[in-house]
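Here is the structure we will look at.
Every read-out reported here was derived from the displayed coordinates using simple, explicitly stated rules and does not represent laboratory data. Keep in mind the model is a prediction, meaning the values are calculated, not measured. As a convention, Cβ positions derive from the backbone with ideal geometry for all residues, glycine included, and neighbour counts pool all protein chains shown.
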Amino acid sequence: MDADSTAVLVRDVRQTFFSLLGIPSPSLQEGALARYCVARLRELGMTVEVDRAGEEIGADTGNLIAWLPGDTTLPTILLCAHMDTVPSAVEVRPRVDEGGIVHTDKTAVLGADDKAGVAAILAALRQIRRLRPTHGPIQVLLTIAEERGMEGIRRLQPQRLAADFGLCLDSDGPVGTFVVTGMGCVSFRIEYGFRASPADVRQTSAVRTLRQVLVELRRSPAFADVQWEIAQFMGVERDHGLGVQAVGRIRSWSNRQLQAAVRAMRTAFQSLAMRTDSYFILETDVSFPAYDIPAHSMVRERIEQSMRRCGLTPVPMRVTDGSDANWLCGEFGLPVVNLGMGYEHAHSVRERIAISDICDVTRVVLDFVANPPRNPLEGGAWHGQP
Ligand SMILES: [Zn+2]
């Protein structure tokens with residue numbers, strides 16, 4: 001990239017990032033930020049749709065899905081970031097220190113998570129518009145309510161996704177790192193109790209039995225590769241008597257292991273309820289699915305090449321926290337890698353990010369889009385070749 005282009009990019013990244021910081025967007029109140037993004041995307045000639053996810057969860061906008069046409073013999077690329085921030089990223093008074101590090105006066109969270117991601121996508125698209133490289137179609141997805149358990153992307157209709165592979169711009173970690181493996185998490189509530197015997201006996205014995213079953217389950221082969229955490233253990237009152245409940249989460253690198261663990265829980269309590277005069281209620285919810293992008297997949301090879309061309313050392317990572325990437329990959333089957341954005345201390349008033357990091361990510365995205373793999377089958381469709 002020549003000096004002129006670099007100067008334009010740095011100025012644009014800075015301006016866009018500061019504009020975004022000036023628009024509060026706590027989860028469910030992303031509307032104003034969404035309007036800003038829609039205007040910027042339409043200026044670039046993109047078509048923008050807003051889905052109905054917001055209506056379902058009480059937000060003032062839905063997820064934004066935007067399209068930039070491109071050479072359809074090349075793969076379609078998805079660029080994804082989330083528009084919302086944690087609740088305390090409002091009335092942000094950003095400061096920039098001499099090293100170009102942006103932070104707040106410690107009265108609010110900065111919200112670089114994930115406004116840095118949104119800024120990098122918008123800046124990369126403007127560079128594409130300016131430099132006009134050959135590229136395939138580009139789909140942009142800006143989600144809502146990521147910070148509330150990824151409620152926005154969970155409600156995205158999968159048929160809206162039409163990309164072959166893509167990038168998520170929303171990970172902790174220095175620029176150059178990228179997440180290829182994400183842990184999955186299932187939350188559960190198990191309630192257990194006896195029906196017929198004196199109340200005090202019922203509850204003490206229900207506590208003992210529930211503990212015992214959980215301990216046995218944990219030692220069983222179905223839980224060999226599953227982490228387990230009980231957050232709450234408490235008595236519950238029911239019309240037919242007293243019970244006891246455990247609320248917790250199970251985590252694993254494999255969705256199959258998570259499903260097997262849930263099945264084992266259900267089977268254990270079913271057989272217990274058949275043997276004794278007891279009842280159980282097991283409720284489970286996938287907080288986020290696990291995913292894994294294999295080493296030789298197209299998206300991994302290409303992002304590593306782009307990073308190297310931008311002077312970065314690519315470092316693949318595994319993470320235990322969930323993000324929109326878990327749903328894109330683990331649920332919708334779209335191979336995306338989640339890029340380290342360089343922000344530090346996200347979700348705290350100490351959050352900070354270097355403008356140069358957002359610029360580096362923007363350059364990586366630009367390179368990734370502007371160096372598409374050629375279609376081996378001339379004129380053929382690219383879809384289904386991740
Ligand atoms: Zn985030």
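About its Cα centre, the chain has a charge dipole of approximately 580 debye under the convention of +1 per Lys or Arg Cβ and -1 per Asp or Glu Cβ, with nothing else charged.
The residue among L242, Q232, T267 whose Cα reaches farthest toward the positive pole of the charge dipole of region 184-288, with charges on the beta-carbon of Lys, Arg, Asp and Glu, is T267. Structure remark: mean-square fluctuation, Gaussian network model of the chain, C-alpha springs under 10 Å; the largest value among T209, T73, T47 belongs to T209.
For a test of the definition: using alpha carbon positions, the gyration tensor, and the 1.5 limit on a/c, classify region 23-175 as rounded, prolate or oblate. Cα axes put region 23-175 in the oblate bin. What you get for region 184-288, charging only the Cβ of Lys and Arg (+1) and of Asp and Glu (-1), is a dipole of about 300 debye around the Cα centre. Looking at the chain, what % of its DSSP beta bridges pair antiparallel, to the nearest 5? Roughly 70 percent of the beta bridges in the chain run antiparallel, per DSSP.
When a/c reaches 1.5 or more, the comparison of a/b and b/c decides; with that in mind, is region 184-288 rounded, prolate or oblate per its Cα gyration tensor? In terms of gyration-tensor shape, prolate. Note on F18 and T73: their simple-model spin labels are 4.5 nm apart, each label 7 Å out from Cα toward Cβ. Report, for region 184-288, the % of DSSP beta bridges that are antiparallel, rounded to 5. Rounded to the nearest five, the antiparallel share is 100 percent.
The C-alpha atoms of the chain define a longest principal axis, and helix 199-219 lies at about 50 degrees to it. Listing W228, W253 from fewest to most neighbouring C-beta atoms within 10 Å gives W228, W253.
Candidates L33, L258, G340 compared by Cα position along the dipole of the chain: farthest toward the positive end lies L258, with charges placed on Cβ. S254 to M274: FRET efficiency via 1/(1 + (r/R0)^6), r the Cβ-Cβ distance, R0 35 Å, to the nearest 0.05? Once rounded, the FRET efficiency stands at 0.75. The H on the amide N of T61, modeled in the peptide plane, is under 5 Å from the matching H of E30, G31, each at least 5 residues off or on a different chain.
As a rough footprinting exposure proxy, the listed residues S306, S187 were ranked by other beta carbons within 10 Å of their own, and the order from fewest upward is S187, S306. Only one residue of T47, P75, Y291 has its Cα farthest out toward the positive end of the dipole of the chain, where Lys and Arg carry +1 and Asp and Glu -1 on Cβ, and that residue is Y291. The R35 and A7 beta-carbon pair, evaluated with R₀ = 45 Å, returns a calculated FRET efficiency of approximately 0.95. Helix content alone sets the calculated 222 nm mean residue ellipticity of the chain: runs of n ≥ 4 DSSP H residues at -39500 (n - 2.57) each, divided across all residues, give -11000 deg cm²/dmol.
Going by alpha carbons, how many degrees (0 to 90, nearest 10) lie between the helix axis of 355-370 and the longest principal axis of the chain? For 355-370 against the chain, the angle is about 80 degrees. Remark: spin-label model distance R266-D292 equals 2.4 nm, labels positioned 7 Å along the Cα→Cβ axis. Prolate is the label for the chain, because the ratio a/c of its alpha-carbon gyration tensor axes (a ≥ b ≥ c) is 1.5 or higher and a/b is greater than b/c.
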